[in-house]
1. Taking segment 1-41 as the search range and keeping residues that are of a type in the set (Phe, Trp, Tyr) and over 14 Å from the mean Cα position of the chain (by Cα), which one is farthest from residue 90 (Cα to Cα)?
2. Name the helices (runs of 4 or more DSSP H) wholly inside segment 1-92 in which the number of residues that are closer than 21 Å to residue 109 by Cα and open to solvent by less than 80 Å² (accessible area, probe 1.4 Å) is 1 or more.
3. Please list, ordered by first then second residue, the pairs with beta carbon atoms under 6 Å, 6 or more apart or interchain, first in segment 7-23 and closer than 15 Å to residue 39 by Cα and of a type in the set (Gly, Ala, Ser), second loosely packed, with under 12 Cβ neighbours inside 10 Å and modelled with pLDDT of 95 or more.
4. How about segment 9-25: which of its residues are under 19 Å from residue 64 (Cβ atoms) and either basic (Lys, Arg) or out of contact with any helix residue (DSSP H, G or I) (no Cβ under 8 Å at 6 or more places or on another chain) (or both)?
5. Anything in segment 94-111 that is open to solvent by 30 Å² or more (accessible area, probe 1.4 Å), under 11 Å from the mean Cα position of the chain (by Cα) and among the aliphatic types (A, V, I, L, M)? List them, or say none.
6. Give the number of residues within segment 75-102 that are among the hydroxyl-bearing types (Ser, Thr, Tyr) and farther than 17 Å from residue 57 by Cα.
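The values are calculated or read from the model by the stated rules, or taken from the named source; none is laboratory data. As the structure is a computational prediction, the values presented were derived from the model and not from experiment. All Cβ positions, glycine included, derive from the backbone under ideal geometry; neighbour counts span all protein chains shown. Keep in mind that these areas ignore ligands, DNA and RNA; they rest on the heavy atoms of the full protein, side chains included. Shrake-Rupley method; radii C 1.70, N 1.55, O 1.52, S 1.80 Å.
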Amino acid sequence: MNDFIVFLQELLEKWGPVTARRMFGGHGLYRDGLMFAIVMNQQLYLKVDDHNRPDFEALGRTPFTYPMKGKDVALSYWSAPDVVFDEPAEAVRWARSAWDAAVRGHLAKAPARERAKARLKS
């Protein structure tokens, strides 16, 4: 585990246990089984949805992008504000906002998963 991941886990330890899993050359950060952040190239990106996006936009934050077939693809993970690294209470506030977005996304997908399971059974 790299030092930055360990730093982030320690920063968020008062919020609860955060685990990290390697993925696509970076790491996913998880709480209670849901991924709420990614770390790529020593940069933290937090989960964003329509509910918390205005907070990121207000600070001029941008989404994580990667090239695919000649185009940049944006993910729903946006760069974390600098205050996250300076103030533990702010780190928890922003992480909780990202985790809440992950929960909302998970709940929104639940009905589709159930419909797909029903189709497989028939």
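1. To start, the set of residues in segment 1-41 that are of a type in the set (Phe, Trp, Tyr) comprises 4, 7, 15, 24, 30, 36.
Adding the requirement that they be over 14 Å from the mean Cα position of the chain (by Cα) leaves 4, 7, 15, 24.
Values: 4: 17, 7: 15, 15: 11, 24: 28 Å.
The extreme case among them is 24.
2. Result: 53-58.
3. Close Cβ pairs (under 6 Å, with a partner that is loosely packed, with under 12 Cβ neighbours inside 10 Å and modelled with pLDDT of 95 or more) do not exist here.
4. Scanning segment 9-25 gives 21, 22, 23, 24, 25.
5. If the condition is that a residue be open to solvent by 30 Å² or more (accessible area, probe 1.4 Å), under 11 Å from the mean Cα position of the chain (by Cα) and among the aliphatic types (A, V, I, L, M), then 103 is the only one that fits.
6. Residues of segment 75-102 that are among the hydroxyl-bearing types (Ser, Thr, Tyr), as a first pass: 76-77, 79, 97.
Next cut, farther than 17 Å from residue 57 by Cα only: none.
So the count comes out to 0.
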